[in-house]
Ligand SMILES: *Cc1c(COP(=O)(O)O)cnc(C)c1O
C-alpha cells in the first residue's frame, strides 16, 4: 500500500504553467509576480500594503527588527509554538518569556499574559493554533499600553476571528506558505502590519537594506540605491509567487475540503476515549483547519510517543508533531531552566500530541485506515491494569 503522508500540497496545472512562464520569461527573482501576489493579499485581507518574503520566520524576523527588539526586551510566547519564532527573539538578544497554554486548545492563556507581563514586554505572539482563532480580545483586555499584539497566523490563513479575517484583526501578523500550510509558494511568508512605516522599513531590510529589488534596479532603471541600515536577504522570488497566484484563489475551496475531512475524523474518533482531538474554541470564528491534532492518553499506554509514531510509520502513515514544547529543547532548557515549573499544560501537550494526515486530496478510505491503525496501536498497548 502507498504511504499516506501527513500533508501534501495541492498543485494544479495553473500553478505549473505559471512557474514555467516565469522560467521561460527570463525573470526568476522578485518582480511583477510578487507585486501581483502582494496586491491579491491586500485585496483579500483588506489592507493598504503587505510584504511577501521567503518564509514566515523571515516575516517575523523583519518585524522584530523593526520593533528594535534587542537586549533587555521581552516577548511573551506560548511554549507550544514553532521554535523558529522563539529563535528569532533569542538571535536578536531579547528574551523569550514562555507562557503556558490551554490544555484543550493549545493556545496562549490570557492569565499567563497578565502574570508574565513587565515593563520590558514589547510584544506578545499568540499562535492561531491548528487554524482555530486565538481569543485576541482576551489578550487585548490584559495587555499594557504600548505592547504590540503580533498574530502568528501561520496556521490560520483564511480563518476568521469574530467575523474578521485573520490578518486584519490586530497590529501585525505573519503567515507562512511552507508546503504543509493551507496555501504554499514552496517556501514563503507574508508580513502584515497596520503601520506603513514599519512595513516600509521591513521591505527595505528584506532586500539587504538597499530597499529596491533587482527588478526595480535592472529593469526599471532605478539603479541608484542607498543603505540606511544593513538588512537581510529575505525577498520572495517570482517563481514562488507564481505558485501563490494560483494557490490563493483556491484557499476557500481548500478550507471547505479540510473542514469536511476534519469533521469526518471527529466522527471516526468520537468513541475513542484515549484519543482526544484538541484545538476547538467556542466563540465566533472560522477554523482554517491547517492541522488535525489529537492528544493521546499515554498514561494508560505502555508505549512512548516516539514508538507510537514509528508504529504508524510501519503502517505507512506519516504524522506531524505540533508541537514539542519549545522550553524542552536542550538550548532553551539550559538557558531558561525555571520555565518548566509553570508550563504544566505545555509540557503535557508537547509530549502527547500527534497531528493526523490532513490535506485536501486525502480520501475518506485513507482517513478510515488511519483511525483503524490508531485504534489497533492503542488496543494492543494498554497497560495491564487497564485491560
Ligand atoms: C510554519 C510555522 C511558522 C513559520 O514557518 P516558516 O517555515 O518560516 O514559513 C511559524 N509559526 C508556526 C506556528 C508555524 O507552524
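The values are calculated or read from the model by the stated rules, or taken from the named source; none is laboratory data. Since the structure is predicted, the reported quantities are computational estimates derived from the model, not experimental observations. Positions of Cβ are generated from backbone atoms using ideal geometry, with glycine treated the same way; all protein chains shown enter the neighbour counts.
Anything in region 214-239 that is surrounded by 13 or more Cβ atoms within 10 Å (Cβ to Cβ) and touching a helix residue (DSSP H, G or I) at 6+ places or on another chain (Cβ under 8 Å)? List them, or say none.
Passing the criteria: 215, 222, 225, 231, 232, 234, 235, 236, 237, 238, 239.
Just need a number here: residues in region 65-86 that are in a helix (DSSP H, G or I), within 13 Å of the ligand (Cβ to nearest atom) and touching a strand residue (DSSP E or B) at 6+ places or on another chain (Cβ under 9 Å).
Step one: of region 65-86, the residues in a helix (DSSP H, G or I) are 65-66, 83-86.
Pick out the ones that are also within 13 Å of the ligand (Cβ to nearest atom) and you get 83-86.
After this cut, where a residue has to be touching a strand residue (DSSP E or B) at 6+ places or on another chain (Cβ under 9 Å) as well, the list is 85-86.
Here the count works out to 2.
For residues in region 321-335 being away from the ligand (no atom under 15 Å from the Cβ) and out of contact with any helix residue (DSSP H, G or I) (no Cβ under 7 Å at 6 or more places or on another chain), which is nearest to residue 349 (Cα to Cα)?
330
Tell me whether region 211-233 contains one or more residues that are within 16 Å of the ligand (Cβ to nearest atom) and at pLDDT 95 or above.
Yes, some residue in region 211-233 is within 16 Å of the ligand (Cβ to nearest atom) and at pLDDT 95 or above.
Just to be sure before I move on: is residue 49 part of a loop (DSSP other than H, G, I, E, B), more than 14 Å from the ligand (Cβ to nearest atom) and touching a helix residue (DSSP H, G or I) at 6+ places or on another chain (Cβ under 8 Å) in the structure I sent?
For residue 49, the condition - part of a loop (DSSP other than H, G, I, E, B), more than 14 Å from the ligand (Cβ to nearest atom) and touching a helix residue (DSSP H, G or I) at 6+ places or on another chain (Cβ under 8 Å) - is met.
Mind listing whichever residues of region 116-137 are assigned to a helix (DSSP H, G or I) and out of contact with any strand residue (DSSP E or B) (no Cβ under 8 Å at 6 or more places or on another chain)?
137
Within region 309-316, can one find any residue that is out of contact with any strand residue (DSSP E or B) (no Cβ under 8 Å at 6 or more places or on another chain), away from the ligand (no atom under 15 Å from the Cβ) and assigned to a loop (DSSP other than H, G, I, E, B)?
yes
Check 119, 104, 100 and return the single one that is surrounded by fewer than 23 Cβ atoms within 10 Å (Cβ to Cβ) and in contact (Cβ under 8 Å) with a residue 40 or more places away in the chain.
On the way: 119 fails: in contact (Cβ under 8 Å) with a residue 40 or more places away in the chain; 100 fails: surrounded by fewer than 23 Cβ atoms within 10 Å (Cβ to Cβ).
Exactly one residue qualifies, and that residue is 104.
Would you check which residues across region 1-20 are surrounded by 15 or more Cβ atoms within 10 Å (Cβ to Cβ) and either more than 24 Å from residue 254 (Cα to Cα) or under 25 Å from the mean Cα position of the chain (by Cα) (or both) and list them?
Of everything in region 1-20, those that are surrounded by 15 or more Cβ atoms within 10 Å (Cβ to Cβ) and either more than 24 Å from residue 254 (Cα to Cα) or under 25 Å from the mean Cα position of the chain (by Cα) (or both) turn out to be 4, 5, 6, 7, 8, 9, 10, 11, 15, 19.
What is the residue count in region 328-387 for residues that are over 27 Å from the mean Cα position of the chain (by Cα) and either more than 26 Å from residue 265 (Cβ to Cβ) or in a loop (DSSP other than H, G, I, E, B) (or both)?
Number of matching residues: 6.
Given the conditions (1) buried (at least 21 other Cβ atoms within 10 Å of the Cβ); (2) touching a strand residue (DSSP E or B) at 6+ places or on another chain (Cβ under 7 Å), and given that residue 288 satisfies all but one, which numbered condition is not satisfied?
(2)
Just to be sure before I move on: is residue 30 within 22 Å of residue 186 (Cβ to Cβ), within 21 Å of the chain's Cα centre (by Cα) and either touching a residue at least 12 places away in the same chain (Cβ under 8 Å) or surrounded by fewer than 18 Cβ atoms within 10 Å (Cβ to Cβ) (or both) in the structure I sent? Before you say what the answer is, go through the steps one by one.
Values: within 22 Å of residue 186 (Cβ to Cβ): yes; within 21 Å of the chain's Cα centre (by Cα): no; either touching a residue at least 12 places away in the same chain (Cβ under 8 Å) or surrounded by fewer than 18 Cβ atoms within 10 Å (Cβ to Cβ) (or both): yes.
No, not satisfied.
Any idea how many residues of region 355-387 are closer than 14 Å to residue 303 by Cα and in contact with a helix residue (DSSP H, G or I) (Cβ under 7 Å, 6 or more places away or on another chain)?
Selection size over region 355-387: 4.
Can you tell me which residue within region 148-206, out of those that are more than 13 Å from the ligand (Cβ to nearest atom), crowded, with 20+ Cβ neighbours inside 10 Å and part of a strand (DSSP E or B), is farthest from the chain's Cα centre (by Cα)?
148
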